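**Student:** Okay, handing you the structure first.
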Amino acid sequence: MRFCESVRGQRGQRGQGGAGAFRAAVAVLLLSLAQSAPPQTACPAAVAPKSLTQPQYQHTAEEDTSVGFMAALVQSFLHTVQPYPFPQDLILKIVKGFEMQLNQEIVKEVLVYEVGFLVCAAIGVLYIVLMPIVGFLLACCRCCGNCGGKKYQKQTSSTHCRRRTLYWTAFVTTVILLAGNICMFKSNEAIKVSVDQSQLELNKSINNIHSFLTAVPQQLDYVVNVSYVTIQNVSSNLDDIGPQLGREIKAQIRGTVDRARHSVRLLDQETVKTNLQLERLNSSLAQLQSSMDHLQANLTAIQNQINTTLSNRNCRDCNDLKPLLQTLTVDTSITIPNLNEFQSALDEVNRADLKSQIKVEGYLNSIPQSVTNATKDVVQSSKQLLGNIKTQISQVTNEIPLSVLTNVSETLNLLQREISKVTPEIKRAEHIRWGVCVALCCVVLLVVVCNFLGLILGPLGLTAKADPTKRSCTADCGGTFLMMGAGFSFLFSWLFMIAVLLLFLLGGNVYTLLCTPWRNGQLLKLIDTPGVFPGLDIGPALGLKTNITISDIYRDCEKNQPVWTTLHLYELVNLESLLNVTKYTEQIQQQFDKADITLPSITLLSPEVQNQLRRFSNKAADIDTTSVTQQMKNISSINLTPTADKLDDLAAVQLNNDIREELQNETRALRQIQTDIETIIIPQIENLNSTIRSLESTTEQINGTVEEVLSNVGAAQDFLNINTTQIVKTESKTFLDCQLSYFVNYADWANITITQQVGRCGPVAGAVDSAEVILCSYIVESLNAFWFSLGWCLIFFIPSIIFSIKLAKYYMRMKFSDVYDNGLIMRNIPRAQMKIP
């Protein structure tokens with residue numbers, strides 16, 4: 001609006017040459033703005049592909065403190081028994097020795113390494129051999145009356161002290177046995193829980209690996225399918241190139257054209273307004289002219305009457321008033337110069353119908369179809385190249401070796417089927433094992449119960465100063481239970497030691513040779529040793545230049561790395577080459593450069609209409625309202641009252657009544673005419689004056705508006721003639737760049753996805769860790785806890801036997817008396833059984 005106002009303000013200072021210079025300046029301004037404006041997006045933005053959805057894996061086994069409750073104690077014992085580090089070199093020698101023949105040096109190294117276990121085994125064998133022999137000899141001695149078999153107990157002053165000492169030592173020993181027995185029960189149950197959980201956890205681990213192996217091909221297919229979606233989107237955009245590219249070209253052109261259309265609309269509104277004002281002006285002029293003609297007729301008639309009356313010879317002093325008749329003459333013609341010419345120019349502009357002259361909308365609407373027709377062949381050839389891009393990208397799944405994953409998946413399925421087959425047998429074997437172990441626990445518990453019954457019943461039935469031959473049945477039963485506990489210990493301990501020895505050798509060596517190196521990584525180093533396991537040479541199997549060790553794979557999988565880096569697939573697949581579609585995109589760009597998109601020409605305003613506008617502007621400037629304004633002032637200054645007053649004075653001096661009456665009538669007529677002037681003509685003059693002022697205000701704006709229209713239309717016409725071709729090229733390039741950027745974005749996304757997200761192998765490391773937890777933390781630790789608890793009890797059977805046998809004599813009923821009283825020993829022994837020298 002400020003721009004328009006400035007144009008209008010300079011209306012009076014501009015001529016025809018000034019308007020042309022101004023239009024040229026506007027055209028230059030529009031051209032510079034069009035060239036500096038940033039290009040708009042010619043196609044919708046590409047939607048970023050969704051990130052890969054990783055499979056949902058089952059929660060695998062973790063270390064359970066309730067299962068390995070004795071792990072620290074057992075491990076400390078085993079580390080004491082076997083303080084040597086993992087014998088990797090020795091194992092390598094053994095492996096190579098199997099290929100040839102084991103020599104004595106290797107056997108010696110094995111024996112040296114296993115010396116701790118051999119010593120413990122020797123102790124166990126000694127226990128197994130001596131325990132039944134000692135028990136048998138003790139039983140024979142007691143039957144012969146020796147080793148406490150004789151029913152005689154010597155009474156001394158320290159008897160009670162020895163009994164209490166033996167009692168508490170036997171009690172403490174029994175409590176230790178009870179603790180070991182409780183550990184036996186708990187570890188036995190832990191083994192059962194471990195075996196029951198092992199199958200479930202193993203199936204979880206296998207299922208996780210199977211899900212991982214299944215997900216890798218699916219993820220690769222997803223990456224390739226996204227390329228198909230990208231190609232489909234680009235193909236759809238090419239099919240829709242007319243509306244899309246045409247819309248952007250229209251947007252670039254519309255800004256300049258709309259400015260011209262807006263100024264034409266403003267001029268059209270002013271012409272309509274001017275036309276209405278001219279109609280009002282003509283109507284006011286006609287009405288005023290009619291009133292003035294009527295006024296002139298009345299004045300002429302009354303002038304003739306007054307002249308006749310004054311010419312009568314009977315009129316006294318009338319000749320003096322005849323000059324007054326000249327004042328009754330009024331100029332009633334009201335004209336505006338050049339008004340008809342202005343009306344004629346306005347009619348020409350109205351007939352031209354400015355709004356219909358600028359037929360821009362139809363021109364703009366034809367652009368999409370013009371683009372479609374011009375790019376038909378280019379689109380068809382570009383779509384063929386898109387098919388080539390699709391074929392190249394689809395080779396990604398063929399280049400990456402997925403057959404290894406398929407083979408592993410089939411092996412896992414076979415393993416899972418075999419596990420399902422042997423599961424019932426394992427459950428039955430576990431049930432038998434659990435029953436046998438419960439029986440072992442119960443036997444140990446039987447010894448503990450016998451000891452506790454003896455320790456409870458003995459003191460309850462014992463009287464301190466009672467005769468040993470008269471001890472109560474309760475005390476005697478207590479002694480009997482203690483002897484029963486010792487007898488059961490002799491009877492079963494050597495058998496239990498066989499189980500302890502076997503389980504110790506099995507569980508201890510599994511822990512030291514498998515679990516410990518598994519946890520600290522030494523086992524993986526052994527597996528990675530070249531030549532030890534030829535079937536695990538992964539690098540040559542995949543055709544890689546470098547070898548991949550199991551440790552490398554495990555470390556990468558612990559970090560949840562993708563298979564691309566874990567298996568060094570970049571040595572096999574040139575991903576950059578597969579995802580490089582530059583040669584196809586360059587061909588598409590070359591074909592688009594050859595496309596000739598030509599828009600039809602358009603003339604916004606014809607030279608004839610522009611000449612009509614200039615003539616209309618000039619005629620508006622030629623209207624002169626000065627003369628009509630002066631005429632209206634003259635009419636407004638008419639005053640018939642002085643003439644009427646003189647006629648009244650003349651009538652008063654008349655002697656002739658007829659003359660007096662005529663003069664009075666003429667006076668009244670003049671006064672009536674004056675009243676009509678004031679009530680009718682003066683308001684019409686004021687209305688005409690207001691209409692003229694409004695028209696003047698409009699005509700003052702017409703010149704500036706017409707110049708603005710001609711400038712904007714000329715600038716828009718120059719813009720269309722000069723920049724249309726460049727706009728088409730620029731927007732076409734922007735459209736094509738946007739389509740090709742889809743492939744650039746896809747290639748970047750696919751590269752990152754394949755190299756960083758496809759096949760994150762965390763489940764593989766999780767399965768290995770789960771297997772270690774199942775085997776070592778669950779089964780081996782529970783098994784070691786059981787034999788350690790049983791061995792604990794067997795070791796403490798020896799002091800239990802000693803203390804129980806010695807303590808039993810203090811509670812059992814003796815056959816011979818030996819009373820200690822006031823320091824004198826009084827014996828009461830049958831002579832038949834006394835040995836007299």
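**Student:** Take GLU189 and tell me if it is of a type outside the set (A, V, I, L, M, F, W, C), surrounded by 15 or more Cβ atoms within 10 Å (Cβ to Cβ), in a helix (DSSP H, G or I) and at pLDDT below 85.
**Tutor:** Considered against the rule, which asks whether it is of a type outside the set (A, V, I, L, M, F, W, C), surrounded by 15 or more Cβ atoms within 10 Å (Cβ to Cβ), in a helix (DSSP H, G or I) and at pLDDT below 85, GLU189 comes out as no.
**Student:** Restricting attention to the stretch 435-452, does a residue exist that is free of Cβ contacts under 8 Å to residues at least 60 places away in the same chain, surrounded by fewer than 22 Cβ atoms within 10 Å (Cβ to Cβ), more than 30 Å from ILE133 (Cβ to Cβ) and of a type in the set (Val, Ile, Thr)?
**Tutor:** No, the stretch 435-452 contains no residue that is free of Cβ contacts under 8 Å to residues at least 60 places away in the same chain, surrounded by fewer than 22 Cβ atoms within 10 Å (Cβ to Cβ), more than 30 Å from ILE133 (Cβ to Cβ) and of a type in the set (Val, Ile, Thr).
**Student:** Then there's this: Quick check: anything in the stretch 548-565 under 27 Å from ALA750 (Cβ atoms), at pLDDT below 80 and either assigned to a helix (DSSP H, G or I) or open to solvent by less than 40 Å² (accessible area, probe 1.4 Å) (or both)?
**Tutor:** yes
**Student:** If you scan the stretch 230-249, which residues turn out to be open to solvent by 40 Å² or more (accessible area, probe 1.4 Å) and touching a Pro at 6+ places or on another chain (Cβ under 8 Å)?
**Tutor:** PRO243, ARG247
**Student:** Oh, and also: Need the failing condition index for GLN674 against (1) open to solvent by 40 Å² or more (accessible area, probe 1.4 Å); (2) over 30 Å from VAL264 (Cβ atoms); (3) out of contact with any Asp or Glu (no Cβ under 8 Å at 6 or more places or on another chain); (4) among the polar types (S, T, N, Q), just the number.
**Tutor:** (1)
**Student:** While we're looking at this one, here's another question. With (1) open to solvent by 20 Å² or more (accessible area, probe 1.4 Å); (2) in contact (Cβ under 8 Å) with a residue 40 or more places away in the chain as the list, and GLY478 as the residue in question, which single condition is left unmet?
**Tutor:** Every condition holds for GLY478 apart from (1).
**Student:** Suppose we filter ILE659, ILE588, ILE635 for residues that are more than 30 Å from LYS729 (Cβ to Cβ), among the β-branched types (Val, Ile, Thr), at pLDDT 80 or above and surrounded by 16 or more Cβ atoms within 10 Å (Cβ to Cβ); which single one remains?
**Tutor:** ILE659 is the lone residue from the list that is more than 30 Å from LYS729 (Cβ to Cβ), among the β-branched types (Val, Ile, Thr), at pLDDT 80 or above and surrounded by 16 or more Cβ atoms within 10 Å (Cβ to Cβ).
**Student:** Output the qualifying pairs, or none if there are none: Cβ atoms under 8 angstrom, residues six or more apart or on different chains, first residue in the stretch 599-610 and within 16 Å of LYS250 (Cβ to Cβ) and open to solvent by 40 Å² or more (accessible area, probe 1.4 Å), second residue among the small types (Gly, Ala, Ser) and assigned to a loop (DSSP other than H, G, I, E, B).
**Tutor:** From the stretch 599-610, the pairs are PRO600/SER366.
**Student:** Restricting attention to the stretch 767-789, which residues are open to solvent by 20 Å² or more (accessible area, probe 1.4 Å) and under 15 Å from PHE212 (Cα atoms)?
**Tutor:** VAL768
**Student:** For the structure I just gave you, tell me whether ILE829 is β-branched (Val, Ile, Thr), open to solvent by less than 80 Å² (accessible area, probe 1.4 Å), over 60 Å from the mean Cα position of the chain (by Cα) and modelled with pLDDT of 90 or more.
**Tutor:** No; evaluated as a whole, the condition is false for this residue.
**Student:** Could you tell me whether any residue of the stretch 617-626 is of a type in the set (Asp, Glu) and either open to solvent by less than 60 Å² (accessible area, probe 1.4 Å) or modelled with pLDDT under 75 (or both)?
**Tutor:** Yes - at least one qualifying residue is present in the stretch 617-626.
**Student:** Being over 16 Å from PRO799 (Cα atoms) and either free of Cβ contacts under 8 Å to residues at least 40 places away in the same chain or touching a helix residue (DSSP H, G or I) at 6+ places or on another chain (Cβ under 6 Å) (or both) is the requirement here; does TRP494 meet it?
**Tutor:** no
**Student:** Given the structure, is GLU410 exposed (fewer than 14 other Cβ atoms within 10 Å of the Cβ) and among the acidic types (Asp, Glu)?
**Tutor:** Criteria met by GLU410.
The values are calculated or read from the model by the stated rules, or taken from the named source; none is laboratory data. The shown structure was predicted, so the numbers you read here are calculated from the model rather than taken from an experiment. Cβ: placed from backbone, ideal geometry, glycine included. Neighbour counts: every protein chain shown. When the accessible area is computed, the model is the full protein with side chains, heavy atoms only, and any ligands, DNA or RNA have been set aside. Shrake-Rupley method; radii C 1.70, N 1.55, O 1.52, S 1.80 Å.
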